[in-house]
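Take a look at the structure set out below.
The values are calculated or read from the model by the stated rules, or taken from the named source; none is laboratory data. All of these numbers come straight from a predicted model, not from anything done at the bench. When we count neighbours, we look across all protein chains shown, and the Cβ atoms used for this are built from the backbone with ideal geometry, even at glycine.
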There are 2 protein chains.
Amino acid sequence: MNTGKISLAEAGKQAEYVLGGHGPRNLEVLKEAFREVDGSLGGDAYGKGKVIEDFQDKMAAYLGKESAVFFPSGTMAQQIALRIWCDEKQVKKVAYHPLCHLEIHEEDGLKELHHIEPVLLADKDRLIRLEDVERMTEDVSCLLLELPQREIGGQLPDYGELEAISAYCREKGIRLHLDGARLFEVTPYYGKTAAEICSLFDSVYVSFYKGIGGISGAILAGSPDFTERSKVWKRRHGGDLFSLYPYVVSADYYFDRRIGRMEQYYEDAKELAALYNECHGVSTRPAVPVSNMFHVHIQLGKERLEALLVDIISETGIQLNHYVKDNGDSESSYEVSIGDMYAKVPKERIRDAFRALDRKLKEELG
Amino acid sequence: MNTGKISLAEAGKQAEYVLGGHGPRNLEVLKEAFREVDGSLGGDAYGKGKVIEDFQDKMAAYLGKESAVFFPSGTMAQQIALRIWCDEKQVKKVAYHPLCHLEIHEEDGLKELHHIEPVLLADKDRLIRLEDVERMTEDVSCLLLELPQREIGGQLPDYGELEAISAYCREKGIRLHLDGARLFEVTPYYGKTAAEICSLFDSVYVSFYKGIGGISGAILAGSPDFTERSKVWKRRHGGDLFSLYPYVVSADYYFDRRIGRMEQYYEDAKELAALYNECHGVSTRPAVPVSNMFHVHIQLGKERLEALLVDIISETGIQLNHYVKDNGDSESSYEVSIGDMYAKVPKERIRDAFRALDRKLKEELG
């Protein structure tokens with residue numbers, strides 16, 4: 001038994017294979033994206049120029065919207081989207097999930113910079129349902145839905161419920177905004193194109209460093225009036241950089257490379273979740289993934305689990321994950337996101353690792 | 001005489017030499033900065049990681065401050081600096097020049113996002129003086145000084161006056177913030193190190209895509225308490241990108257390459273301004289540059305001047321500038337920033353171009 005002296009990160013450096021992600025987040029990610037690019041191509045300047053405009057047009061078309069704007073971050077793009085809808089209706093309230101990115105990861109930028117008050121729908125551990133929206137008593141300008149809801153393992157409503165929520169919002173004059181940080185990753189489960197899903201929403205944000213595996217950056221899409229307003233706020237936020245091309249070019253490169261692999265990531269995620277669920281004291285959330293991601297919950301405290309995972313690396317050469325979160329009550333969890341790495345691992349090596357995980361958990365849990 | 005059918009931008013493509021800047025703002029700027037970088041080096045993640053922390057430490061040391069934070073833009077960094085000082089004093093007023101970047105180029109982000117009211121000191125066409133600060137009747141949290149004052153050609157106060165303003169602000173409990181977008185460029189004129197100049201200020205912003213010629217990005221420096229607060233606001237603004245290394249690595253590369261050339265750019269700017277001032281109907285602002293930049297004012301309307309400059313390109317192969325601004329009353333102007341390009345041009349070719357400029361202006365102006 002590992003004594004815990006070697007950290008998971010340290011042990012991971014010796015791993016032969018890692019089951020999640022696209023590979024190391026190192027400077028080669030940029031170097032690869034630019035290797036075949038002609039250096040004489042002009043950069044963008046304050047949002048203008050072929051390099052940024054072409055990609056915005058490409059993403060607008062892919063998302064089925066009239067217009068799209070490239071942003072340095074989703075944090076900036078989404079606050080701005082909500083601000084535009086609040087200004088339109090002159091109501092500074094929006095509705096979203098209690099574990100929405102804006103609520104838990106942005107140092108309250110929405111409140112501190114825009115003075116917008118959120119109305120939290122649903123409980124922390126479940127999705128927003130149509131009935132939550134129908135029962136809302138506050139007048140809000142916008143409802144934000146995140147597809148999939150990342151903080152609860154990447155869950156999705158049925159497509160029919162999504163359509164019903166969209167229809168209800170249109171009827172009631174509530175704008176619907178899509179937090180599509182992982183939108184590309186759910187298209188296989190829904191069996192819909194991104195444009196079909198986006199047609200249910202007034203505004204859409206997508207990210208390029210999750211399933212796409214770029215460096216940073218986001219697209220905000222909607223009507224031309226909406227995106228023109230968003231450019232003014234982008235400048236106010238300090239996001240209208242002299243040049244965004246390092247993110248634009250890499251987003252475009254990895255989009256082309258990986259957009260066709262989302263089905264594979266989804267299938268791999270289901271396979272891997274099934275292996276986890278066969279292990280003693282382990283369950284995944286959701287039980288059957290609906291995208292490339294899920295959460296693993298294990299009935300073992302963080303320190304003991306980390307030591308166990310270090311042992312699995314040294315015994316099998318397989319790194320299952322990069323971190324462990326302590327949930328208290330001797331329960332731990334972590335997130336798994338499938339990317340290019342999973343398909344590179346021989347299947348029998350994966351089965352070996354899970355046999356080891358199951359055996360060790362039985363020893364630990366008795 | 002050119003009929004104006006060929007634009008200055010179009011004609012510039014055929015120019016053999018251009019007198020300003022560091023060369024084309026194309027994707028090669030990034031490719032060059034990353035060519036010798038080891039791809040296996042880890043990227044930064046949300047402001048953490050050796051690549052960003054090392055550069056922040058390097059710039060803190062260079063600027064003589066305890067701490068520094070890398071920002072995607074100066075717009076973001078400076079709004080945040082002023083917000084921190086306003087929160088500290090609980091006074092939502094700051095003082096700056098009427099042509100301050102925050103006042104004219106940021107879509108009123110300071111007012112719209114931070115609800116900070118500016119007190120405009122001095123007239124549009126001159127620098128802020130000690131007496132302007134002394135006579136200010138409003139209580140302000142912070143005074144922002146831009147060195148050099150870009151919109152009036154890049155002018156500087158005497159160093160003694162700067163010291164006096166700094167001492168006055170310290171005595172009165174007014175924080176002093178440096179808009180150092182072109183700070184590196186004024187160190188030769190002052191004969192001071194950046195750290196000496198920065199010691200007069202509580203907080204400092206510097207940019208990496210002006211004299212340094214990087215892609216985008218800024219550093220905000222000050223006390224550790226100040227920079228820690230700035231990181232919270234950076235996240236709120238949406239500037240805490242997953243990875244900023246494309247800007248960090250390029251800023252570092254071009255800083256090392258060009259920081260030692262600021263004296264040369266300054267000398268070249270003085271030489272070039274003298275050539276302009278010898279021409280009929282031309283004056284520069286300032287008459288003798290104090291940095292790598294100055295403004296050229298010519299007693300000729302925009303269209304006629306553009307046609308004349310196109311002719312100079314076709315006759316001499318020299319492009320003097322990239323644009324012309326219409327000031328009304330048959331006066332035009334443009335900004336010149338000296339970079340690596342100037343020293344590459346044979347001196348006799350420069351003299352030929354200015355002989356042609358003088359002759360053509362005499363013909364035009366009679």
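Which of (1) over 20 Å from B:Leu41 (Cβ atoms); (2) touching a Lys or Arg at 6+ places or on another chain (Cβ under 9 Å) is the odd one out, the single condition A:Gly20 does not satisfy?
Going through (1) over 20 Å from B:Leu41 (Cβ atoms); (2) touching a Lys or Arg at 6+ places or on another chain (Cβ under 9 Å) one by one, A:Gly20 breaks only (2).
Against the condition in the same structural domain as A:Gly21 (by TED's automatic domain parsing), touching a residue at least 12 places away in the same chain (Cβ under 8 Å) and part of a helix (DSSP H, G or I), how does A:Asp340 come out, does it pass?
Taking the combined requirement at face value, the residue does not satisfy it.
What are the pairs, 6+ residues apart or on separate chains, where a residue within the stretch A:106-133 that is assigned by TED's automatic domain parsing to the domain that holds A:Glu151 has its Cβ under 6 Å from a residue that is at pLDDT below 95 and outside any strand (DSSP E or B)?
Partner pairs satisfying both residue conditions: A:Ile128/A:Ala122; A:Asp132/A:Ala122.
I'm checking my understanding of the structure. Among residues of the stretch B:252-291 that are under 22 Å from B:Ser73 (Cα atoms) and charged (D, E, K, R), which one is nearest to the other protein chains (Cβ to nearest Cβ)?
Filtering the stretch B:252-291 for residues that are under 22 Å from B:Ser73 (Cα atoms) and charged (D, E, K, R), the one nearest to the other protein chains (Cβ to nearest Cβ) comes out as B:Asp252.
Quick one: A:Ala15 ticks every box in (1) assigned to a loop (DSSP other than H, G, I, E, B); (2) at pLDDT below 95 except a single one, so which number is it?
Unmet condition: (2).
Could you tell me whether any residue of the stretch B:172-183 is out of contact with any Cys (no Cβ under 9 Å at 6 or more places or on another chain) and without any contact (Cβ under 8 Å) to a residue 24 or more places away in the chain?
Yes: the stretch B:172-183 contains one or more residues that are out of contact with any Cys (no Cβ under 9 Å at 6 or more places or on another chain) and without any contact (Cβ under 8 Å) to a residue 24 or more places away in the chain.
When the residues of the stretch A:30-44 are narrowed to those that are touching a residue at least 24 places away in the same chain (Cβ under 8 Å) and either more than 7 Å from chain B (Cβ to nearest Cβ) or among the charged types (D, E, K, R) (or both), which ends up surrounded by the fewest Cβ atoms within 10 Å (Cβ to Cβ)?
A:Glu32
Is there a residue being assigned to a helix (DSSP H, G or I), within 14 Å of chain A (Cβ to nearest Cβ) and touching a residue at least 12 places away in the same chain (Cβ under 8 Å) anywhere in the stretch B:21-29?
yes
Can you tell me which of B:Val249, B:Val206, B:Val186 is touching a helix residue (DSSP H, G or I) at 6+ places or on another chain (Cβ under 9 Å), in contact (Cβ under 8 Å) with a residue 40 or more places away in the chain and at the interface with chain A (Cβ under 9 Å from one of its Cβ atoms)?
Of the residues listed, the single one that is touching a helix residue (DSSP H, G or I) at 6+ places or on another chain (Cβ under 9 Å), in contact (Cβ under 8 Å) with a residue 40 or more places away in the chain and at the interface with chain A (Cβ under 9 Å from one of its Cβ atoms) is B:Val249.
Condition check ((1) more than 17 Å from B:Tyr253 (Cα to Cα); (2) in contact with a Ser or Thr (Cβ under 9 Å, 6 or more places away or on another chain)) across all residues:
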residue	(1), (2)
B:Gln14	yes, yes
B:Gly20	yes, yes
B:Asn26	no, yes
B:Ala45	yes, yes
B:Gly49	yes, yes
B:Phe55	no, no
B:Gln79	yes, no
